1. Given 0.36 nm per residue, what is the gain on full extension from residue 392 to residue 274 after removing their alpha carbon distance, in nm?
2. Hey, how many Å between the Cα centroid of the range 468-546 and the Cα centroid of the range 319-360?
3. Among 49, 532, which comes first, second and so on when ranked by fewest other beta-carbon atoms within 10 Å?
4. Return 515, 80 ranked ascending by Cβ neighbour count within 10 Å, so the fewest neighbours appear first.
5. Quote to one decimal, in nm, the extra length available between residue 250 and residue 505 on full extension: 0.36 nm per residue of separation minus the C-alpha distance between them.
6. Could you pull out which residues in the range 553-575 have an amide N less than 20 Å from a spot 7 Å beyond the Cα of residue 618, following the Cα-Cβ vector?
7. Taking the Cβ-Cβ separation of residue 362 and residue 100 as r and a Förster radius of 56 Å, what is the calculated FRET efficiency to the nearest 0.05?
8. Calculate the FRET efficiency for residue 119 and residue 427 from the Cβ-Cβ distance with a Förster distance of 41 Å, rounded to the nearest 0.05.
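What follows draws every value from the coordinates through simple rules; no lab data is involved. Since the structure is predicted, the reported quantities are computational estimates derived from the model, not experimental observations. Note that each Cβ is placed from the backbone with ideal geometry, even for glycine, and that neighbours are counted across all protein chains shown.
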């Protein structure tokens, strides 16, 4: 007897997963750090269920072309139904626990959101609570949710690839793969037990293993610095964010008079040193604060326009030397939330500014993500020459030069632990050149020019203290807001003295920033054909305890493998060999050209290139390797049927 699939089932489950994730987010203040892992997985599960809904819409259109009562189609529907039923099983049990242990308090001010926190009973006994119907712990719950996500993503991939090929020829083998995957799924829900790895906040799947190892804590300190005339002045080498401050900020309950957002932790690292607490506590939140990543291999951020309560000033503070285990968490919590809230405030007042604006080209919302931190060179530009063919134009009234990289906010999107505020990075950075407004109006000339710097843009530092940028796209804005676009423009920026080298170094740092992002994320001409949350990934060059695997394909049918660690410190991008999916060999071939990005203990990013890839690449368990092989088979079958 077949189970009838309703599109409403997937929609309902996606809504439940999203609501549960939001509950974990709002209750984060009173919860252990392990709860954030569940929060992340629930957001991912909601996205996977939404993808299933879209896929079932397409499947119904294809099914209409089949003969009524087709046994193969009915069997395939059964497998989708079983997966959704098991997903419902996990979410329903979790819903009951949330209702039992989550306390909602009314605010005295009706304009403020309700306060949600976990009960004292849960906080005291959360390790003893049966988080799954199989009486599993919190780690087992996370593993189950990961199994749901992987199964849903792979099922969608198999179904899509089969529909892309000939349905009549592919349905038999498609059904075999679906049945095999479902059996794998059922077996693993019963057998899988998680084991705590030696890495902070990560889990490893082990079949039948019940051993737990003590994980290491996350080092949540960083260097707090302020720019001065000669460089940067260190305020505190081991500063951190006040835990109560950031929790109140994330919950929306932060009191404007709550005081400093920083605390000095120097005594915890060097007991004989002096505390910088009196200095760091003078800095707090302002209504103009904005976080911006500094484009460099040394991962750092600037908090633009933070309040200095001692001097009643707005200053820029630099967060540097962030421990690798803390980078991703700091970005996903404080920096993303700050950026989103400030962007909302800016755009409610008009069309925005250089921090956030509405693009005149496509009306997209652009939010500043990274910048080249120019110290001297922006004030040392003597002239700029624009040349296109035989046409040549020289500008001498330059007021400012900046190197900026923006992202686009996609409202209504749910991916990972970021909802409704996902920022898709643009594939270019902007060299923003501002000219004297009065001169521009008098000469009916451009008031500003944006050069679109891409990762493959050619730049040259000359001996004449100038930087040449070859064949770049540019958009000029006139004083009356008219815009003009120029293709293949050669630009020569002439400096007075040595600052030309600094400017060229910052451009190259931004190009590297764009290159690393192109390795980590699918480009505009690539689409995702597989996404798996797995466990340990090992090869002769890297070891990742908790990884996400993505395979993308571009318009030329070239496939690329992307492996990223959960903490964002490791990225592997490999162009898959031509016969990766079609080879009959039992062993997978990972010898395609590969880039490896690593952030080490010092927080410095390094990029390695391996022309011949890896001799081997292994996942941690037989089940995870089996899932990758199933995905390979489904893509392989679609390729063969489309030829």
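1. Length gained, residue 392 through residue 274: 36.5 nm.
2. 19 Å
3. Ordered by Cβ neighbours within 10 Å, fewest first: 532, 49.
4. Exposure proxy ranking, most exposed first: 515, 80.
5. So the chain would gain 88.2 nm between residue 250 and residue 505.
6. 563-565, 572
7. Rounded to the nearest 0.05, the efficiency is 0.75.
8. 0.30
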